[in-house]
Every structure is written in structure tokens, then in C-alpha cells.
Amino acid sequence: LSLHPLRNYLDLAYVGNISIGTPPQQFKVVFDTGSADLWVPSTYCDSVPCYTHNVFNPHVSTTFRLSGFPVDLTYGSGRMVGFLGYDTVRIGKLVDVVQPFALSKAQFGLEHAPFDGILGLGYRSLAIQGTTPVFDNLKKRGVISQSVFAFYLSTQKENGSIVMLGGVDNSYHKGKLQWIPVSRPHYWQITMNRITINGVAFGCCRGCQAILDTGTSFLVGPSRVITAVRRLIGARLVDNEYAVSCSYVARLPTIIFSINGNDYPLPPQAYIRKSLRGKCLSTLAGGTENISRSETWILGDVFLRLYFSVYDRGNNRVGLAPAV
Amino acid sequence: CLVIIPLTKMKTMRETLREKNLLTNFLLRNNDDRSQNVAHDPK
């Protein structure tokens, strides 16, 4: 039994296609740097989400092997219980054989999710004990030449976002990539020096940790700091969401993250988003105080849409540069 | 050797729940702050 970091997929938006098995069975998955497991719904699952998503049928895959090891992945807005198996996973033209993955038997709270499952790109220590994450397997089998992957997340368009595996196309960012050492190879975690708004330090006063996480949409920090920032920008709780007046957004302050000697500004247009009903909602969330004793922030899609991000497993470092 | 996988920006679960008028209930059960947790790693 393996319990896992709580996640919230309420705001997840970026999904890509993979296939599992022979013949291939197609799935929409989140390529998620904040976890390290691959799971998809299965024909053994009779929960509601499994009737609204693609399910994997091991019986029709000639390359499937059963492990049977139980898996329990709990999220902030859902949970997946299942078991482990092995099969061939195809990602684009990459063929990843004998890949461990979890097949769900039960899923809770994911019926409206715009994805079938999750493909984790975190470090092996984050994965189900004894399993090899997809990227490690691709590397081990020499399927990819460079131990690096990268994300470009579009801001407005439905299409145009990509994940690159095995190399980096530098045409997706402006200027030079700024390399930052991974402080702890578990999450994609780096040390952040300071956070300032209007020149005033807001949290991270003595340095803190930041997790780059494509599986989190928001900017997440310690609740007390997020509460202070919400107060500063005049965000009010409306229908259980923090909203600001849309006419006020342009005058809101920019949040500046100082990392490894470089500043990464986050303008209000990035951390305030307009809902389909025209409300202007804050994408700041609290709750990271129970990740670890030291102050930690999660830089989710809100940040990663502005900054092209490269994840270098070979050198345990992250590269950031303004996205085009 | 570079493999590029297109990602599609989907309608989020939040928007879908909002359209179905299920969001307020959902958020009452998982208040936004707590639900964004990436909790301590049990390992």
C-alpha cells in the first residue's frame, strides 16, 4: 500500500496522448512533474469516473504482465485505488517497454477530470516503492539520448503547448536558459531567495524551497503569506473563491520571485484569471505549510506559462527562461 | 532524438463543475486552500 502526496486536479488543463499495450490502447494523461507514477483507469474499475473515461483492458494486451502490488494514490480532489502491472507504453514515437503502471480498480472524485490518468515525471524516490518511473525507464533503455525534458505551456490557445522528451528546442524561449541546481532530487525542487511585491518582501524572507509542478495549476504558498497577499490585492471570497474586480487587475502589483540571482516577475494578468462567466479569480492558494518544516512554494502552471522550463535529470538542474 | 508531445489545454474540472453548478458544494467539501496541498511525502 502506498500513500501519495495529496494533489488537486481541479484546475488542471494540459493533457497529452499516450498509448499502453499491444495493440495500443489510447489515454489522455497529465504530464506531471509533481508526481512520478503512471496510472490509468482499467476495466476492473466500476467507479463513475471509469465510465466517463478511457479504460485499460489488460486481457487484450499481449504484452501486459501482472504484478498485483496494491496502489492507493490520494489526491486533494480525488483518489485512485488499484494495482500494478507492466506493459509497453508509447509516447509519440518513443516506445517504453516493460513500464510499471497502475491500473485503477476504484476512483473517487475524478468523474469530471479532463484526463484519463497521470504520467508522473518526478524523481524515482517519489514513485511507488520499487517501481521505475517512465522517464527513468526511457533513460535506462537508452530510448532517449539526453536525460532532459522540457515544458512549454501556452497562455491563451487551446493548442500549442508541448512537452519535449530527450532534448530541448530553444526556439520556445527568449534569451538564455538560467540553470538552477535541484536542491533535493525528489520533487523538482529548487532554492528560492526572495519574493517581493512593490519592493516589500512577502514570505521567503530567509530563502525558501520552490517546487516546479506542471500538475498544479495555481501558485501555492504558506497560507498565512497567501492570506496577506490576497489582502494586499483586495481579493474577496465570493462563492468560496477569491475574486477581484476585473477593472482593477491592471493596477495590481507584480510578484517577483528571485531565484539563484535572477528575478522572475509574475504580473497580475498571470495570477488573476477570468472565468468563463467573466469573474476575475485569484490563482493563489495556501496550504504548503504541511509539505515540510521549511517554507515551500509550488510554482504551478500560473508560473510555468510565463517561463519555459527544462528539467535536466543528467545534471540535476532546472533551466528557466521567458517563454515566447 | 528530441520527441515533442503536443499538450491540449482542456476545460478544467473547475469550469465543468461550475457549469453544472456543482462547484460551490465541491469547494465547501474541499476548501481551495487545503485542496491545493502537496502534502508531506509519507516515505
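What is the mean projected area of the alpha carbon convex hull for region A:254-294, to one decimal in square nanometres?
Working: hull surface 16.8 nm².
Averaged projected area of region A:254-294's Cα convex hull equals 4.2 nm².
What distance in nm lies between label points placed 7 Å from Cα along the C-beta direction at A:Gln156 and B:Arg29?
3.7
Expressed in nm to one decimal, what extension gain is obtained for the pair A:Ser292 and A:Asn170 from 0.36 nm per residue of sequence separation less their Cα-Cα distance?
40.5 nm
Mean-square fluctuation check for chain A, GNM, Cα pairs under 10 Å: which of A:Met80, A:Met192, A:Met164 is largest?
Among A:Met80, A:Met192, A:Met164, the largest GNM mean-square fluctuation belongs to A:Met164.
Given points 7 Å out from each Cα along the Cα-Cβ axis, report the A:Val97 to A:Leu237 separation in nanometres with one decimal.
Each label point is offset 7 Å from its Cα along the Cβ direction, giving 5.6 nm.
Compute the Rg/Rh shape ratio of region A:137-246: radius of gyration over Kirkwood radius, all on alpha-carbon atoms.
1.03
One-quarter of the Cα convex hull surface for the protein assembly as shown, in nm²?
In nm², the orientation-averaged hull projection of the protein assembly as shown is 16.7.
Volume per residue, Å³, of the convex hull around the alpha-carbon atoms of region A:179-304?
Working: hull volume 13.6 nm³, N = 126.
Enclosed volume per residue, from the Cα hull, is 108 Å³.
Among A:Gln178, A:Gln189, A:Gln99, which one shows the biggest mean-square fluctuation in a GNM of chain A, springs joining Cα atoms closer than 10 Å?
Looking only at A:Gln178, A:Gln189, A:Gln99, the largest GNM fluctuation is found for A:Gln178.
Roughly how big is region A:175-283's charge dipole about its Cα centre, with Cβ charges of +1 (Lys, Arg) and -1 (Asp, Glu), in debye to the nearest 20?
Dipole size: approximately 200 debye.
Placing +1 on the Cβ of each Lys and Arg and -1 on the Cβ of each Asp and Glu in chain A, which of A:Ser104, A:Pro70, A:Gln146 has its Cα farthest towards the positive end of the resulting dipole?
It is A:Gln146, whose Cα lies furthest towards the positive end.
With +1 on the Cβ of every Lys and Arg and -1 on the Cβ of every Asp and Glu, and nothing else charged, how large is the dipole of chain A about its Cα centre, in debye rounded to the nearest 20?
Taking the Cα centre of chain A as origin, the dipole is about 720 debye.
Beyond 18 Å, what share of the Cα-Cα pairs of region A:269-322 is found? Please give it as a whole percent.
In whole percent, the long-distance tail amounts to 54.
For A:Gln26 paired with A:Leu276, estimate the spin-label separation in nm (one decimal), with each label point 7 Å from Cα along the Cα-to-Cβ line.
2.2
Assuming a ≥ b ≥ c are the square roots of the Cα gyration tensor eigenvalues, decide whether region A:65-127 counts as rounded (a/c under 1.5), prolate (otherwise, with a/b larger than b/c) or oblate.
prolate
Which net charge results when you count Lys and Arg as +1 and Asp and Glu as -1 among the other residues whose beta-carbon is under 14 Å from that of A:Leu212?
Taking every Cβ under 14 Å from that of A:Leu212, the sum is 0.
I need the shape label for region A:15-71. Rule: rounded when a/c is under 1.5, else prolate if a/b > b/c, else oblate, with a, b, c from the alpha carbon gyration tensor.
Numbers: a/c = 1.28, a/b = 1.21, b/c = 1.05.
Since a/c stays below 1.5, the shape of region A:15-71 is classed as rounded.
Are there cysteines in chain A with no second cysteine's Cβ under 4.7 Å away, and if so, which?
Taking the Cβ cut-off of 4.7 Å, the unpaired cysteines of chain A are A:Cys205.
Using only the Cα atoms of region A:93-181, what semi-axes does the equivalent ellipsoid have when each is the square root of 5 times a gyration tensor eigenvalue? Give whole Å, largest first. All intermediate terms of the calculation are to be shown ahead of the outcome.
Working: eigenvalues 133, 88, 31 Å².
Equivalent ellipsoid of region A:93-181: 26, 21, 13 Å, largest first.
With the Cα gyration tensor of region A:1-151 giving a ≥ b ≥ c as the square roots of its eigenvalues, does the rule (a/c under 1.5 for rounded; else a/b larger than b/c for prolate; else oblate) give rounded, prolate or oblate?
Numbers: a/c = 1.41, a/b = 1.19, b/c = 1.18.
In terms of gyration-tensor shape, rounded.
Rank A:Arg65, A:Arg90, A:Arg293 by mean-square fluctuation in a GNM of chain A with C-alpha springs under 10 angstrom and give only the top-ranked residue.
Of A:Arg65, A:Arg90, A:Arg293, the Gaussian network model singles out A:Arg293 as fluctuating most.
May I ask you to compute the full-extension gain from A:Thr62 to A:Arg141, defined as 0.36 nm times their residue separation minus their alpha-carbon distance, rounded to one decimal in nm?
26.4 nm
Helix-only estimate, please: 222 nm mean residue ellipticity of the protein assembly as shown, summing -39500 (n - 2.57) across DSSP H runs of length 4 or more and dividing by its residues, to the nearest 500. Mind showing how you got there, number by number?
Values: 8 runs with 48 residues, N = 367.
Counting only the DSSP helices, I get -3000 deg cm²/dmol.
Using 28 Å as the Cα-Cα cut-off, could you pick out the over-long pairs in A:Lys28/A:Lys105; A:Lys140/B:Lys11; A:Lys174/A:Lys274; A:Lys140/A:Lys174; A:Lys105/A:Lys157; A:Lys139/A:Lys176?
A:Lys140/B:Lys11; A:Lys140/A:Lys174; A:Lys105/A:Lys157
Only the coordinates and a few stated rules stand behind these numbers; no lab work does. What you are looking at is a predicted structure, and each value in this text was computed from that prediction instead of being measured. Glycine also receives a Cβ, built like all others from the backbone with ideal geometry; neighbour counts cover every protein chain displayed.
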